[in-house]
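The structure appears right after this line, and notes come after that.
Readers should treat all values here as calculations from the given coordinates under stated rules, not as data from a laboratory. Here the structure is a predicted model, which is why all the values come from computation and not from measurement. Neighbour counts run over all protein chains shown; Cβ positions are idealised from the backbone, glycine included.
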Amino acid sequence: MGATLTSLITDIKDAADMTNSEFVTDAGITRWINLELSELHDMIVNTQEDYYTSRWSFSSTSTSNEILLPVDFYKMIKLFDVSNGGRVAVPRFMVGDLETDPDYASTSTNPSYRIVGQRVFINPASAYDFEMWYIPQFKKLVNLTDEISLAIPEGWEDFVIAGVAARCLAKEESDPSFFLSRKNAVAARIATMLTLRDAGPTCMVDVYRRDI
């Protein structure tokens, strides 16, 4: 079982020596916890995207080539055309292409895409089936029983505890340097371990192959 919002609040108050203090409210601590979790999420996915990967299947048609992204979409990893049963990587088209192709009209039989805002645009507008690999947003802690949704090893929550404890001390105009130093030390440890998560060999991929 992972750390819950309740356990995080308790650990933070204990660390900051504010267990019986009303100077910082639980609501304020919760807001800071989610800010620190968001920072931890970004640090993890920018170093090792395979910690959080979701897959989403969708289709386009000749009249519907602007599709809403999943509500938890954060960053895309790869888009595949799976119309013929295999997986073929789909390239991204450039905005400059629209100067000569304003209606997304194309004689090409191979699709391309572009993400704009909360939608993915498919060119040409035609019937395709896709599978998108993407990184989801981190899930905020709201209820006291909510657990950290990030798939982190035990101990990495110290990043959040130290970060919020520093914010608590700063608010009461005390010296937060100990906890800022602790947070930086945990961040360095996490960064090192992230790069070592998969020590398996890598291979080159032919991104132009269409006969998979």
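Numerical summary
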item	result
Sequence of TRP156, TRP133 once ranked by neighbouring C-beta atoms within 10 Å, starting from the fewest	TRP133, TRP156
Net charge of neighbours whose Cβ lies under 14 Å from the Cβ of VAL186, counting Lys and Arg as +1 and Asp and Glu as -1	-3
Cβ-derived FRET efficiency at R0 22 Å, ASP175 paired with GLU22, nearest 0.05	0.55
Cleavage-rule hits, GluC sites (Glu not before Pro), segment 17-87, DSSP coil, Cβ neighbours within 10 Å at most 13	GLU22
Simple label model, 7 Å out from Cα along Cβ direction - VAL71 to ASP42, nm	2.4
Gain on full stretching of the segment that runs from ARG31 to THR53 - 0.36 nm per residue minus C-alpha separation	5.4 nm
Calculated diffusion of segment 1-81, Stokes-Einstein form, Kirkwood radius summed over Cα pairs, 25 °C and 0.890 mPa s, µm²/s	150
Point-to-point label distance, THR4-THR195, nm (Cα→Cβ direction, 7 Å offset)	3.8
Neighbour-count order for ARG167, ARG189, fewest beta carbons within 10 angstrom listed first	ARG189, ARG167
